[in-house]
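Below you'll find the structure, written out as structure tokens, and then a few comments.
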Amino acid sequence: MTNQPTPTTQQLLDALLQSTAQGNDKLDALLQSTAQGNDKLDALLQSTAQGNHKLDILTDQIGHLTEVVTTGFSELKEGFSELRGSFSELKEGFSELRVLAQEQAKAAKEQAASMSHLNATAGRQEENISRLAATVERQAQIVERLLPR
């Protein structure tokens, strides 16, 4: 064992004071660092709150837009359904028009046939009238010859 001098009470107190001062300096640095960290945490929380507020606004806008788009698509679907119904009615109308046109064409053919028959009848009547006129003229000549002069 070596004999080392024992420190005096004053030396021990000085070492304790120095160690305590260093501990206090480190504690002050730690407190300052913690305060800065807290400031950064407060700023981050405030930024997060602002971000959450913006996110809430955006969520509301998306909800409104979704409602508008859903309503728009519903109205568009309803419009297409009505348009499909209108096209069906139009198709039925064209079918009816086609039938009417066919009936009218048939009636026109029948009318043309009737007109042709009527023309033939008129031609025969004209011939009959001409023959009758010739017969009446011959009879008039016969009557004239029979009459005394």
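A short reminder: the numbers here are calculations on the coordinates, not readings from a lab. Everything numeric in this text was worked out from a predicted model, so none of it was measured. Note that each Cβ is placed from the backbone with ideal geometry, even for glycine, and that neighbours are counted across all protein chains shown.
Residue by residue through the range 1-45, note down the ones that are loosely packed, with under 10 Cβ neighbours inside 10 Å and in a helix (DSSP H, G or I). Even if it seems obvious, please write down each step before you answer.
Just the residues of the range 1-45 that are loosely packed, with under 10 Cβ neighbours inside 10 Å, to begin with: 1-6, 8-10.
Of everything in the range 1-45, those that are loosely packed, with under 10 Cβ neighbours inside 10 Å and in a helix (DSSP H, G or I) turn out to be Thr9, Gln10.
Only one of Thr48, Thr66, Thr59, Thr121 is part of a helix (DSSP H, G or I) and either aromatic (Phe, Trp, Tyr) or within 22 Å of the chain's Cα centre (by Cα) (or both); which? Walk me through it before giving the result.
On the way: Thr48 fails: either aromatic (Phe, Trp, Tyr) or within 22 Å of the chain's Cα centre (by Cα) (or both); Thr59 fails: either aromatic (Phe, Trp, Tyr) or within 22 Å of the chain's Cα centre (by Cα) (or both); Thr121 fails: either aromatic (Phe, Trp, Tyr) or within 22 Å of the chain's Cα centre (by Cα) (or both).
So the residue among Thr48, Thr66, Thr59, Thr121 that is part of a helix (DSSP H, G or I) and either aromatic (Phe, Trp, Tyr) or within 22 Å of the chain's Cα centre (by Cα) (or both) is Thr66.
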